[in-house]
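Here is the structure we will look at.
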There are 2 protein chains.
Amino acid sequence: MVKLVVAYGAPEDSAAFDAHYASTHVPLVEKIPNLRRFEAGKILGTPDGSAAPFYWLAELWFDSVEELQAGMGSSEGQAAGADVATFASGGATLMIAEA
Amino acid sequence: MVKLVVAYGAPEDSAAFDAHYASTHVPLVEKIPNLRRFEAGKILGTPDGSAAPFYWLAELWFDSVEELQAGMGSSEGQAAGADVATFASGGATLMIAEA
């Protein structure tokens, strides 16, 4: 499998980020074709107490890179991707990883 | 659940990193008490073709922060943690996240 990892930087308004993520973004992600598993949550901290470089981490698992690309290229995938720009005021780092 | 996320920067010698990870580090991680799930793999790229900020991503799931801390604080957890310094020539960013 592979996964799309989305690491969000600290937003300007974390309460607004959390509310938008739960009420709007999650339903959009769950509509993405080929999606096999979805996990998202807040970065709680670091083991040594130093500042974490990200605020929120989301991961979307797919069976293959091809399935990921087809899913994210679909209208549902594009809608979820476009939504990110509406709430990720701290930026979003996207990576594709082996899983 | 929660997870310990370990994001490795690009190592000086990726073949040596990969070999050490598979032959030495994975067996150490798998001995960590309370570990519920372990996933690790190479960052394959980014959706837009830009450079990825990390080379390798590992995640260790536990039932709770307390279980994570007990697992990582055990002799087996300490051994796995100490091993990281022997091969993570590109650095390792550790975060604890909701899962």
How about chain A: which strands (runs of 3 or more DSSP E) wholly inside it have at least 1 residues that are surrounded by fewer than 15 Cβ atoms within 10 Å (Cβ to Cβ) and more than 11 Å from the chain's Cα centre (by Cα)? A:37-45
State the number of residues belonging to the stretch A:16-59 that are more than 21 Å from B:Met95 (Cα to Cα) and of a type in the set (Gly, Ala, Ser). 4
Scan of the stretch A:1-39 for residues that are at the interface with another protein chain (Cβ under 8 Å from one of its Cβ atoms) and either without any contact (Cβ under 8 Å) to a residue 40 or more places away in the chain or basic (Lys, Arg) (or both), ordered by number: A:Glu39
Confirm whether B:Val65 is out of contact with any Gly (no Cβ under 7 Å at 6 or more places or on another chain) and within 26 Å of A:Leu60 (Cα to Cα). yes
Taking the stretch A:50-66 as the search range and keeping residues that are more than 8 Å from chain B (Cβ to nearest Cβ) and touching a residue at least 60 places away in the same chain (Cβ under 8 Å), which one is nearest to A:Ala7 (Cα to Cα)? A:Trp61
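Readers should treat all values here as calculations from the given coordinates under stated rules, not as data from a laboratory. Keep in mind that what you see is a predicted model, and the values were worked out from it rather than measured. Cβ sites come from the backbone with ideal geometry, for glycine too, and all protein chains shown count toward neighbours.
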